[in-house]
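Here's the structure we're looking at; comments come further down.
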Amino acid sequence: QVQLVESGGGLVPPGGSLGLSCAASGNFFYAYSMAWYRQAPGKQRELVARITTTFSTNYADSVKGRFTISRDNAKNTVYLQMNSLKPEDTAVYFCFARRMNDDYWGQGTQVTISS
């Protein structure tokens, strides 16, 4: 069993930056593929970025070049650095973990981009 706790959300103006963290409890964090998803009001949840157990990454086209996902296995934590933020990045951001057939979600953290 894994528990995921996100932090770092908030309100920033367009063009600003924000960093999210997701701390995972439990063992074998290194064996989980980790990801960030987001869900805007009235829209489906979408993949933002993923990082595998071998540190391979992939991003949604809408965030490429602006967002960076990383992980620190020693701290059981995955990060999402978000730069050049746009109003359309406004959403609840969720941390996600997968190992074999087991999926886990965090409770989400609100990110609002507005002047």
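The values are calculated or read from the model by the stated rules, or taken from the named source; none is laboratory data. All values reported here derive from a predicted model rather than from experimental measurement. Please note: Cβ atoms are built from the backbone with ideal geometry, for glycine as well, and neighbour counts cover all protein chains shown. Each accessible area value is taken on the protein alone, full model and side chains, heavy atoms only, with ligands, DNA and RNA left out. Shrake-Rupley method; radii C 1.70, N 1.55, O 1.52, S 1.80 Å.
Below are the figures for this structure:
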item: Considering residues of region 45-58 that are among the hydrophobic types (A, V, I, L, M, F, W, C) and within 17 Å of Ala31 (Cβ to Cβ) only, the residue least open to solvent (accessible area, probe 1.4 Å); result: Ile51
item: Residues of region 78-89 classified as surrounded by fewer than 18 Cβ atoms within 10 Å (Cβ to Cβ) and at negative phi, total; result: 5
item: Unique residue being within 30 Å of Asn27 (Cα to Cα) and either open to solvent by less than 30 Å² (accessible area, probe 1.4 Å) or not in a strand (DSSP E or B) (or both) when the list is Val111, Val92; result: Val111
item: Lone qualifier among Asp61, Asp72 - being open to solvent by less than 60 Å² (accessible area, probe 1.4 Å) and without any contact (Cβ under 8 Å) to a residue 12 or more places away in the chain; result: Asp72
item: Some residue of region 17-34 being aromatic (Phe, Trp, Tyr) and surrounded by 13 or more Cβ atoms within 10 Å (Cβ to Cβ); result: yes
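Results for (1) among the basic types (Lys, Arg); (2) in a loop (DSSP other than H, G, I, E, B); (3) at pLDDT below 95, shown as yes or no for each residue.
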residue: Gln1; (1), (2), (3): no, yes, yes
residue: Leu11; (1), (2), (3): no, no, no
residue: Gly26; (1), (2), (3): no, yes, yes
residue: Arg38; (1), (2), (3): yes, no, no
residue: Arg50; (1), (2), (3): yes, no, no
residue: Thr53; (1), (2), (3): no, yes, no
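Condition check ((1) more than 23 Å from Gly16 (Cα to Cα); (2) in contact with a Cys (Cβ under 9 Å, 6 or more places away or on another chain)) across all residues:
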{"residue": "Pro41", "(1), (2)": "no, no"}
{"residue": "Gln44", "(1), (2)": "yes, no"}
{"residue": "Phe55", "(1), (2)": "yes, no"}
{"residue": "Cys95", "(1), (2)": "no, yes"}
{"residue": "Arg98", "(1), (2)": "yes, no"}
{"residue": "Tyr104", "(1), (2)": "yes, yes"}
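Every residue, every condition in (1) within 19 Å of Asp103 (Cα to Cα); (2) under 14 Å from the mean Cα position of the chain (by Cα); (3) of a type outside the set (D, E, K, R), yes or no:
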| position | (1), (2), (3) |
| --- | --- |
| Phe29 | yes, no, yes |
| Pro41 | no, no, yes |
| Lys86 | no, no, no |
| Asp89 | no, yes, no |
